[in-house]
Amino acid sequence: MNAVLLYLLESALCIALLYGVYWLFMRRDTFFMMNRMYLLGITAFSLIFPLVPFHFTASGTAATVVYLLDPVLITPEKVDQTLTSHLQWIQVAGIVYVTGLAIFLLRFAMQLVQLFVIVRRSGIQHRDGLRLVFVDRGYSPFSFFNLVFINEKNITDDRLKAILIHEKVHVKQRHTLDLILRELLCILQWFNPFAWLTGREMKAVHEFLADEGVLTAGISPSQYQQMILDESMGVQVNGLTNNFNVSLLKKHILMISKTKSGKLAGAKMILAVPAIMILVFLLSARSFSGSLGAQDKNAAATVNGQQPATSTAATPQTDNKSKATRKSSGEVYDKVDVYPEYPGGAEALFNYIITNLKYPEAAKTNKVQGKVVVSFNIMNDGAVSDVKVLQGIGSGCDEEAIRVVSKMPKWKPGEKDGKIVNVHMVLPLQFKLDAGKKEEPKK
């Protein structure tokens, strides 16, 4: 669930930033086709770009970068309340999002059913290469793919001609496909106002393109403006259709009479490049920070700002045949292109540790608390191997950490250069007693 919510937030950030560029610099220009391509482009970009993996690592010769997992706090009774609250927040957010997703998916399905019912009730006629549906209700003219819906009452031949030219532009330029993509964006990003604003601008651009087609065909601007005024007063069917929209009436009339933008205005699209660079930096920063945490292969470098113990006394003795001390076969990598993933993600890993790791009685009796840093390898088959304590506190905490880590289920293995490889990992476990008690050093 964490990964899904992160994707949604990153996608929302993309659409917000790129829509801001459009709103500030492009929305008043008359390069309607360019604006359409831009809005389609940022919609697709916002859905796809957050899925692109970024794996940047720090450079240097003194230390090797390893994948340092988030620390987990262990208390005698339960995991720290902050972590628990975080997990509860994630669960609540997931439930709210899925509920909204279901509602808007149902809305989408109902819109399709509504159009099907209208076609079924009214039938289809063919004229001028179009498939016409003459409705008997007060709908404004609209189109859906190659179907054009027109109110058959009180419509003159001149007005019908202008309407058909207008709707034919929608049909030929396949504007319905844009609206389907826009609807999918709004379903996935139903909580994001910038997704809805992007969809609104897309519909407006469609109407401007259709207006342009009507005027190019020789229809009088004044006559066409009056027709727009009359037809916009009808009932709007739903968001999946291109229709004369009263909310866009003012923009319609202004754009019809607006002087064409100069050629240099078309270069404004390049302003999206700095915005994209900012997004690349922001989205790659999380991957860069997630891979930091340097230590050499002898565990002598710094882990979370502390020098891990290198003495073998910190590592409990275990059976040579046990999983904890089983040696890895093949090269083990510290830096890879795709890092191993616990089945179910970070939240599932936290839940596993919460459920299985217990605060040792000896540690509670002796009031021992502190950080146990465990290293292990995820093999190319996903198995956990070579579990060791890099930094220990004794009193059974080290043995308990090794026991729980050793029994972890198989992970999704890491990849390097397109091949599945063995990967070295580090997991800090913070053992802590009551908040009011100070940490006592290991004796």
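The values are calculated or read from the model by the stated rules, or taken from the named source; none is laboratory data. Since the model is a prediction, treat every value here as computed from it, not as a measurement. Counting neighbours? That spans all protein chains shown, and the Cβs are built from the backbone with ideal geometry, glycine included. Note: areas computed on protein heavy atoms with side chains; ligands, DNA, RNA excluded. Shrake-Rupley method; radii C 1.70, N 1.55, O 1.52, S 1.80 Å.
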Going through segment 104-144 one residue at a time, which ones are open to solvent by 60 Å² or more (accessible area, probe 1.4 Å), assigned to a loop (DSSP other than H, G, I, E, B) and of a type outside the set (Val, Ile, Thr)?
Asp128, Gly129, Asp136, Arg137
Those residues of segment 142-158 which are in contact with a strand residue (DSSP E or B) (Cβ under 7 Å, 6 or more places away or on another chain) and at pLDDT below 85 amount to Asn151, Glu152
Do you know which residues across segment 405-420 are at negative phi and among the small types (Gly, Ala, Ser)?
Ser406, Gly414
Got at least one residue in segment 403-418 being open to solvent by less than 10 Å² (accessible area, probe 1.4 Å) and part of a loop (DSSP other than H, G, I, E, B)?
yes
Please identify the pairs in which a residue from segment 381-396 that is open to solvent by 10 Å² or more (accessible area, probe 1.4 Å) has its Cβ atom under 8 Å from the Cβ atom of a residue that is of a type in the set (D, E, K, R) and part of a strand (DSSP E or B), counting only partners at least 6 apart or on another chain.
Gln391/Lys371; Ile393/Lys371
In segment 145-172, anything in contact (Cβ under 8 Å) with a residue 60 or more places away in the chain and loosely packed, with under 14 Cβ neighbours inside 10 Å is listed as Asp158
If you go through segment 347-380 one residue at a time, how many are among the basic types (Lys, Arg), surrounded by fewer than 19 Cβ atoms within 10 Å (Cβ to Cβ) and touching a Phe, Trp or Tyr at 6+ places or on another chain (Cβ under 9 Å)?
0
Matching entry among Leu179, Leu215 (being of a type outside the set (D, E, K, R) and crowded, with 16+ Cβ neighbours inside 10 Å)
Leu179
Out of all the residues in segment 98-139, which are closer than 20 Å to His206 by Cβ and in contact with a Ser or Thr (Cβ under 6 Å, 6 or more places away or on another chain)?
Val133
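Listed here are the residues, each with its yes/no results for (1) more than 36 Å from the chain's Cα centre (by Cα); (2) modelled with pLDDT under 80; (3) under 15 Å from Ala162 (Cα atoms).
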position: Arg200; (1), (2), (3): no, no, no
position: Gln225; (1), (2), (3): yes, yes, yes
position: Asp230; (1), (2), (3): yes, yes, yes
position: Gln236; (1), (2), (3): no, yes, no
position: Thr241; (1), (2), (3): no, no, no
position: Met255; (1), (2), (3): no, yes, no
position: Gly262; (1), (2), (3): yes, yes, no
